[in-house]
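Asker: My structure is below; once you've seen it, I'll send some questions.
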Amino acid sequence: MILDVLEHAARYEALSPYFAEAFAFLRREDLHDLPDGQYEIQGRKLFATVVHQQGKSVDEAKLEAHDEYVDIQFVMKGNERMGWKSRGDISVPAEKPEEYPDVYFYDEPPVSWNTVLPGSFAIFFPEDAHMPMISDDEIHKVILKVAVNL
C-alpha cells in the first residue's frame, strides 16, 4: 500500500505502464465537475469510477482485495479512513460474490488505519486487502482500476 499526495504522484509512475496516464486523469482541470460514473481511459486496462457516496461505519464494511487490478483511490472531498491488512495474513476464506468480478471480501478487521484527506491517494496492490469508505462524511472520490496483467 502507498499513501501520498497528488503532487508526489510522479514518483510512482514507473510502477506500471498505466500509472502516468492514471495520474494525468487525476490532474484534469474538470475532475471535480465530472458526474458520477465510469470513465474508460485505456479500455479495461485503465478506467476510473467517480463517486459521491455517504461514508459507512466499520461495522458496515468488509476488507476487500482484487487479483486483476491495482486500485488508486483519490479523495476529492471528505475525510476517508481506509483500513489495510496484508492478504497473506488473512486466515478466513474469501467471499466471492458473482455480481462483482475481481472482488474478494474478507470477514476480518484491518491491522492498520490511515486517514486519506482531500488531495491524497492510496494505492492498493493485489496483496493489499483494504477497507475503504469509512467516514461520517460524504466522500467524493475517484477510484482508478489499473490492470495487473497487461
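The numbers here are math on the coordinates, done by the rules we state, and not lab data. This is a predicted model, so every value here is computed, not measured. No Cβ is skipped: glycine too gets one built from the backbone with ideal geometry, and neighbour counts run over all protein chains shown.
Asker: Using the count of nearby Cβ atoms within 10 Å as a rough guide to exposure, how do 112, 86 rank from fewest to most?
Answerer: Least crowded to most crowded, the residues run 112, 86.
Asker: May I have the extent of the alpha carbons of the chain along their three principal axes, as whole Å values ordered from largest to smallest?
Answerer: 42, 36, 30
Asker: Taking the alpha-carbon centroid of each part, what is the distance from the range 83-150 to the range 1-80 in angstrom?
Answerer: 12
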